[in-house]
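Here is the structure we will look at.
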Protein chains: 4
Amino acid sequence: MRSIIERVERLEEERKELAGDVKDIFTEAKSAGFDVKVIRQLIKIRKMEPSEVEEQETLLDTYRRAIGM
Amino acid sequence: MRSIIERVERLEEERKELAGDVKDIFTEAKSAGFDVKVIRQLIKIRKMEPSEVEEQETLLDTYRRAIGM
Amino acid sequence: MRSIIERVERLEEERKELAGDVKDIFTEAKSAGFDVKVIRQLIKIRKMEPSEVEEQETLLDTYRRAIGM
Amino acid sequence: MRSIIERVERLEEERKELAGDVKDIFTEAKSAGFDVKVIRQLIKIRKMEPSEVEEQETLLDTYRRAIGM
């Protein structure tokens, strides 16, 4: 039981440090004039298949036009 | 104490029902051939100022080109 | 499409208002001297079967003793 | 820009692997007969000050009695 708990706590600690590292990179990016929200969006897009990205962008355009946006 | 708890529970119950209603609408939309993920994206965009949407789309394009996407 | 989006937006608006009502009740409870975190815990417990609550409390005690807490 | 994105992606990848490791430990714990939900509760308690834990447990008891639970 103790071993289970301590291993989980150590891993969660490492995850927290990595989350801090990510936060630092975004703080640095913001200071350099980048838009962090847009960078996050770009990272999300990079995880998708190019064909899927294109399909969703086309659909979004279609739906926007359908409601006159 | 009892009054506080019961009021919160009732409100949380109503929120859950509304969440169910939203889910039903999306199920219905999917059956009608719509892409639910794209509709969610559209709803998100509608909450933003048009100028902010345009700015973010321009930035996303710029960043994509910067990394050759 | 417009109808789907507007219905979802209206439901999400209502959900947001209910979330605001819950927040108000907790603010009021805090002013009256109650511990909001503990009230939330109590609401969580009330959703569980009494037998399940008792079983989890017994297990928690056992695990705590096992690691000398 | 590319450097920012690649560093974030690498860190997020490491975080995901650690989350997978945590999940594996809990799967293993479950196979060994432990209640994962209770272990998570125990880990949460271990992060708190003992005096805070005791205070919250006393309050929870008081509130439960107040509503006849």
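Tell me the angle of helix B:2-31 to the major Cα principal axis of chain B, expressed in degrees between 0 and 90 and rounded to the nearest ten.
That helix lies at roughly 50 degrees to the long axis.
Going down the table (A:LYS30/D:LYS23; A:LYS37/D:LYS16; A:LYS47/B:LYS44; A:LYS16/B:LYS37; B:LYS16/D:LYS23), which pairs top 23 Å between alpha carbons?
Over 23 Å Cα-Cα: A:LYS30/D:LYS23; A:LYS16/B:LYS37; B:LYS16/D:LYS23.
Roughly how much of B:LYS37 is accessible, in Å² to the nearest 10, using a 1.4 Å probe?
Rounded to the nearest 10, that gives 110 Å².
Please list the radius of gyration and Dmax for chain B, considering alpha-carbon atoms only, with Å as the unit.
Every Cα atom of chain B included, Rg and Dmax give 19.5, 60 Å.
Using a label point 7 Å beyond Cα on the Cα-Cβ vector, give me the inter-copy distances for C:PRO50 in nanometres, one decimal, shortest first.
3.4, 6.1, 6.4
Calculate, in whole percent, how much of the Cα-Cα pair population of the protein assembly as shown lies beyond 28 Å.
In whole percent, the share of Cα-Cα pairs in the protein assembly as shown beyond 28 Å is 61.
Ignoring everything except DSSP H segments at least 4 long, calculate the 222 nm mean residue ellipticity for chain B; use -39,500 (n - 2.57) per segment, divide by total residues, nearest 500.
-29000 deg cm²/dmol
Taking a label point 7 Å from Cα toward Cβ, how far is A:ASP61 from its twins in the other copies, in nm, shortest first?
In nanometres, ordered from closest: 1.1, 6.6, 6.7.
Would you please give the FRET efficiency between D:ALA19 and A:GLU28, computed as 1/(1 + (r/R0)^6) with r the Cβ-Cβ distance and R0 = 30 Å, to the nearest 0.05?
0.75
Compute the long axis of helix D:50-66 from its Cα atoms, compare it with the longest principal axis of the Cα atoms of chain D, and write down the angle in degrees, 0 to 90, nearest 10.
50 degrees
R0 = 25 Å: FRET efficiency of A:GLU55 with B:ARG65, Cβ-based, nearest 0.05?
Taking R0 as 25 Å, the efficiency between A:GLU55 and B:ARG65 is 0.75.
Could you let me know the centre-to-centre spacing of chain B and segment A:44-69, using Cα atoms, in angstrom?
Using only Cα atoms to place each centre, the spacing works out to 15 Å.
Provide an ascending nm list, one decimal, of label-point separations from B:ALA19 to the equivalent residue in each further copy; define each label point as 7 Å from Cα along Cα→Cβ.
Spelled out, the distances from B:ALA19's label point are 1.0, 1.8, 2.0 nm.
Taking the solvent-accessible surface of protein heavy atoms with a 1.4 Å probe, what is the per residue accessible area of chain A in Å²?
Counting only protein heavy atoms, the per-residue value for chain A is 64 Å².
Rounded to whole angstrom, how close does the nearest chain D beta-carbon get to the axis mapping D onto A, and which residue is it?
Spelled out as residue then distance in Å, it is D:ARG15, 3.
Give me the percent of accessible area attributable to carbon and sulfur for segment C:10-69, probe 1.4 angstrom.
50 percent
The values are calculated or read from the model by the stated rules, or taken from the named source; none is laboratory data. Computed from a prediction, not measured in an experiment: that's the story for all the values here. Backbone-built Cβ (ideal geometry, glycine too); neighbour counts: all protein chains shown. Please note that ligands, DNA and RNA were not included when accessible areas were found on the heavy atoms of the full protein model with its side chains. Shrake-Rupley method; radii C 1.70, N 1.55, O 1.52, S 1.80 Å.
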